[in-house]
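Chemist: Got a structure for you, written out below as structure tokens; questions coming shortly.
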Amino acid sequence: MKLIEIIGLEKKHAQLLGKAGIKEVEDLLALSYYQIKQLARNIGVTVNRLDTWQEHADLMRIEGVNPEIANALNLIGIDSVKEFAYRNSKNTIEKLKLLKKDNPKVLTKLPTLKNVEAWTNYAKSLAEVPKKDGKPKKKPSPKKKPSPDESPSSEIPIIANYKPFEKFEKDYGKFGPDYWDSKWKKAPIIYTGRALRGESYKKQIDVDVKAFIKDNDAILWHVLTQVDLRKESPNETALTIQNFVCKFLKYKYDDIASECPEFWLFPFEAIQSEIGDCEDGAILIASLLINAGVPSWRVKVCAAQVMADPVFAPSDSELGGHAYCIYLADRPESERKLEWLILDWCYLQDPEVPIEEKPLARDGGQGGAYRNIWFTFNDEESWAQSSFEVKEGRISRNRTAQKDEVLAPLKNILKSLASEELEKIFRKLNIEIE
């Protein structure tokens, strides 16, 4: 099937994809999310658009699902064969009816219930969904086969000789932990957005943000050990972990991944689900760094402001919310021998750039796209700050919240990269700006 048959994929896009080696619809299926992010930047489209084309390509593997049907299914929230396999056919029909009612041109003709049931069954066969009372098939592990004395790599074993990694230690004189921990004002940050599922769907669960990052975690130790993420130096370890998360996690909004409007994932949840949105990946990177032996005072998660489209339409007025990890890197050329760098996985990720060459956080990171910070935290402290060494004139000074709590609901800030203008966000959250 030709690429241009995918809804929304024009001839110019097909030509650019062709130059990158993507010439058939099937070629899209093999792309990892990290490859999608790199390819999107190269051909000048958003990651979301290219990811959507891949979802269409996946759905079109189902016999009888043409490009128009694939587009309609995607619009009602079905983004893969596997997800379609678990959908209720009657509910799918009802959603398609509502879609056609609101957007008559999306579907030429509504499929019948019999059509949808046939597609669902075909999806189940493709996804190898077990029948009721049947046992699921075990898929072979993509990793090398362990020796008889080793535990299977697909499981998290209880290891008797488990021992946390030793911390990287070095004397930085007056620019040690006390200098950095006391450099900005500390404040408790209570995240009020996590919600329970099921009958308690709307019940908020308050969490101190520091609880999302935990040192001495056996599950993260297992990941670090199995994938060999701990390296000889903090800088090498940091870059290796950024690379791992960029390739490992697939971006999913919380309302899709968790069926909740706001649902920060703990690191063990992100690792085992392999999905998350910006803050989930940031928390995972920070947690892996700390568990790998990087001292907590050299790691933070930031909730901040970024350019909406720094690559194709940079603008100081089009800004949105984002969460990312920062790392206090060894930079011998600096007077302090340490400088904060950004380790992003889903916005302007740069795992190919060595730690020693990454732009500084205080200069705005890649393309100067990272702007004023709302708050930061790690497993030991949390800070509510307004400058974070961002150059004068690039920040909103003396910004104060009405309550000593997290800016709730955070979904409006962290869900996407600039879905709303900054002023609208502040107005919605009743935040005063002086």
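The values are calculated or read from the model by the stated rules, or taken from the named source; none is laboratory data. Model, not experiment: these values are computed from the prediction. FYI the Cβ positions are ideal-geometry reconstructions off the backbone, even for glycines, and counts take in every protein chain you see.
Chemist: Quick test of your reading of the structure: P146 fulfils all but one of (1) at pLDDT below 90; (2) in a helix (DSSP H, G or I). Name the failing condition by number.
Modeler: (2)
Chemist: Might you let me know whether segment 85-104 holds any residue that is closer than 23 Å to H13 by Cβ, out of contact with any Cys (no Cβ under 8 Å at 6 or more places or on another chain) and surrounded by fewer than 19 Cβ atoms within 10 Å (Cβ to Cβ)? Break it down into steps so the answer makes sense when it comes.
Modeler: Of the residues in segment 85-104, the ones closer than 23 Å to H13 by Cβ are 103.
Add one more test, that the residue is out of contact with any Cys (no Cβ under 8 Å at 6 or more places or on another chain), and what stays is 103.
Checking which are surrounded by fewer than 19 Cβ atoms within 10 Å (Cβ to Cβ) leaves us with 103.
For segment 85-104, residues closer than 23 Å to H13 by Cβ, out of contact with any Cys (no Cβ under 8 Å at 6 or more places or on another chain) and surrounded by fewer than 19 Cβ atoms within 10 Å (Cβ to Cβ): present.
Chemist: Within segment 5-15, restricting attention to residues that are surrounded by fewer than 16 Cβ atoms within 10 Å (Cβ to Cβ) and without any contact (Cβ under 8 Å) to a residue 60 or more places away in the chain, which residue is nearest to A72 (Cα to Cα)?
Modeler: Filtering segment 5-15 for residues that are surrounded by fewer than 16 Cβ atoms within 10 Å (Cβ to Cβ) and without any contact (Cβ under 8 Å) to a residue 60 or more places away in the chain, the one nearest to A72 (Cα to Cα) comes out as E10.
Chemist: If you check R336 against the conditions, is it more than 28 Å from P267 (Cα to Cα) and modelled with pLDDT of 85 or more? Break it down stepwise before answering.
Modeler: Values: more than 28 Å from P267 (Cα to Cα): yes; modelled with pLDDT of 85 or more: yes.
Yes; evaluated as a whole, the condition is true for this residue.
Chemist: Could you check how many residues of segment 113-133 are more than 19 Å from M60 (Cβ to Cβ) and over 32 Å from the mean Cα position of the chain (by Cα)?
Modeler: The qualifying residues number 5.
Chemist: Quick check on my filter: what residues within segment 16-28 are touching an Asp or Glu at 6+ places or on another chain (Cβ under 9 Å) and surrounded by 13 or more Cβ atoms within 10 Å (Cβ to Cβ)? First the steps, then the outcome.
Modeler: Step one: filter segment 16-28 for residues touching an Asp or Glu at 6+ places or on another chain (Cβ under 9 Å), giving 17, 21, 25, 28.
Matches in segment 16-28: L17, V25, L28.
Chemist: Still on this model: Does any residue in segment 281-307 that is at positive phi come within less than 6 Å, Cβ to Cβ, of a residue that is modelled with pLDDT under 95 and surrounded by 24 or more Cβ atoms within 10 Å (Cβ to Cβ) six or more places away or on a different chain, and which pairs are these?
Modeler: Matching pairs, first to second residue: none at all.
Chemist: Looking at M60, is it hydrophobic (A, V, I, L, M, F, W, C), surrounded by 14 or more Cβ atoms within 10 Å (Cβ to Cβ) and closer than 29 Å to K97 by Cα? Reasoning before the result, please.
Modeler: Details: hydrophobic (A, V, I, L, M, F, W, C): yes; surrounded by 14 or more Cβ atoms within 10 Å (Cβ to Cβ): yes; closer than 29 Å to K97 by Cα: yes.
The answer is yes for M60.
Chemist: Tell me which of these P261 doesn't satisfy, since it passes every other one: (1) modelled with pLDDT of 85 or more; (2) under 27 Å from W383 (Cα atoms).
Modeler: Only one criterion in (1) modelled with pLDDT of 85 or more; (2) under 27 Å from W383 (Cα atoms) is unmet by P261, namely (1).
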